[in-house]
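Each remark here refers to the structure printed beneath this line.
The values are calculated or read from the model by the stated rules, or taken from the named source; none is laboratory data. These numbers were taken from a predicted model, which means no experiment stands behind them. Methodologically, a virtual Cβ is constructed for each residue, glycine included, from the backbone with ideal geometry; neighbour enumeration extends over all protein chains shown.
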Amino acid sequence: MRRANVNLRINPWVICGPLLLSAALASAQVSLSTVVDLAQRNSSAVRLAEADVRKAHAALAQTVDVLYPSGQFSSGLPVFPSVGFSGSPASIFSGSVQALVFSSSQKKYIDAARDGVRAATLSVKDAREQVALESSTDYIELDSVTLQLAAAQQQENLATRLVEIEQQRAEAGVDPLSEQLQAKLTAAQLRLKRIHLETRAATLMQELSALTGLPSGTITPEHASIPEIPQIRALEPRGTQNGIEAAQLLARSKDKQAQGELLSVFMPQAVFVAQYDRFTTLLNNANSYYAHPLKSDNFNSGIQINVPLFDWRHRDKAKESAADALRAKVEAEQAERQNEIQIANLTGNLRELDTLAEIASLKQQIAGEQLQTVLAQLELGNGAGSGPGAPAQLSPKAEQLARIDERQKYQDSLDATLDLSKARLGLLRALGHMDDWVRTLHGK
């Protein structure tokens, strides 16, 4: 038996494509606006709030639908012949229509449901703003940590060079062993700091991955996509504080619900009712019990008026609704007070953080100038000559220490700027200007 020759042709893209795509995702930069958009779409809190909006609209529809006629149809046939008189004539099918004509409490229920819809809508906006704050804060911190990590790696390389220099100086008898040990200690401390920054960066990447739904490790910050955060103050006009307004509307909704329950205890209501029945004498002798034979088609209609007399259930329900309304009102007031306290704290902290950021920036500039001085002295000498009493010439050790210090001051400046950015974003959120920040991102 001859074996058939089969030529297998494999498209290189089938093998290389996924690898190239993974590499592209791993190294691709993602802008801040993209991260915020993805986080808002992927947020479970936003989706839950949107579900509450749909529920509130359904509740409003229920309160309005009772004003429209609703019909019901039923049908049935007797199974066994009737024996005796059952008290009501048998019918093949029947239909009924009813609608609420007058109710003092129903108006309150409708108004309460409308306030509930508005409250749920504002809750969605509030949830989106909170997600925008969280994603923006994590993204800006990841950008800062990424820059600090690069500086820490430079420091670690400088510390490794410092250990080599101290080892050579110790072997030559220029420096004591303690200097070499101190250089190793500095290198170990810088290595620990680099590990801490790597851990923090991995945590932030995981948090952003959970917020956006993107694969972990594929988000690389794009520093140019971060706009300057406005330097807003507490005395400036405030925007829409969606969370507080939602709580206030919810409290008002519950209060109207309680008013409706109370009205239902005392006020009558009128209902329009219409009914049609198709009577039958099949398998029964109903006509034997009436003076005249029953008609097959029967219709009646009227206004049914219900007057409450001893309605203890609705009375207790009104008390329960009043308690819920009071609780919602207190919670709304508490949320407003907490927001005011947060604004006061952030305003006070901003003054300190602004000054600390300025101090850290100045220290970084001073360290940069000192590094340039050390480099100049290493290249040209200190200009003091070599006579008795003249200061010793600088060694390469001084260069490494100056470079390490300059990188440290750079990281301190990034830390101070990050704290300032977080406080400014928090104040934007508290003052109701988070939407302005999101619009700024899209305009970047």
Sort out which residues of region 424-435 are of a type outside the set (Lys, Arg), in a helix (DSSP H, G or I) and buried (at least 20 other Cβ atoms within 10 Å of the Cβ), and write them in order of number. Leu425, Leu427, Leu428, Ala430, Met434
Within region 50-91, tally of residues that are modelled with pLDDT under 90, surrounded by 15 or more Cβ atoms within 10 Å (Cβ to Cβ) and within 26 Å of Ala270 (Cα to Cα): 1
When you look at Leu326, is it within 24 Å of Ile244 (Cα to Cα) and surrounded by 14 or more Cβ atoms within 10 Å (Cβ to Cβ), yes or no? yes
Which members of region 92-118 meet the condition of being within 30 Å of Asn298 (Cβ to Cβ) and either out of contact with any strand residue (DSSP E or B) (no Cβ under 7 Å at 6 or more places or on another chain) or surrounded by fewer than 18 Cβ atoms within 10 Å (Cβ to Cβ) (or both)? Ile92, Phe93, Ser94, Gly95, Ser96, Val97, Gln98, Ala99, Leu100, Val101, Phe102
The correct count of residues that are under 17 Å from Asn157 (Cα atoms) and crowded, with 16+ Cβ neighbours inside 10 Å in region 168-183 is 2
Which residues, taken from region 152-164, are surrounded by fewer than 20 Cβ atoms within 10 Å (Cβ to Cβ) and in contact (Cβ under 8 Å) with a residue 60 or more places away in the chain? Gln154, Arg161
Could you go through region 124-146 and let me know if any residue there is surrounded by fewer than 20 Cβ atoms within 10 Å (Cβ to Cβ) and among the small types (Gly, Ala, Ser). no
When region 236-260 is examined, which residues are found to be hydroxyl-bearing (Ser, Thr, Tyr) and either within 23 Å of Leu441 (Cβ to Cβ) or exposed (fewer than 15 other Cβ atoms within 10 Å of the Cβ) (or both)? Thr240
So is Arg233 touching a residue at least 60 places away in the same chain (Cβ under 8 Å), among the basic types (Lys, Arg) and more than 30 Å from Lys125 (Cα to Cα) or not? no
For region 218-235, how many residues are surrounded by 12 or more Cβ atoms within 10 Å (Cβ to Cβ) and out of contact with any Ser or Thr (no Cβ under 9 Å at 6 or more places or on another chain)? 1
Criterion first (modelled with pLDDT of 90 or more, under 30 Å from Met205 (Cβ atoms) and within 46 Å of the chain's Cα centre (by Cα)) does Ile244 satisfy it? no
Condition first: among the polar types (S, T, N, Q), modelled with pLDDT of 85 or more and assigned to a helix (DSSP H, G or I). Now tell me which residues in region 284-322 satisfy that. Ser321
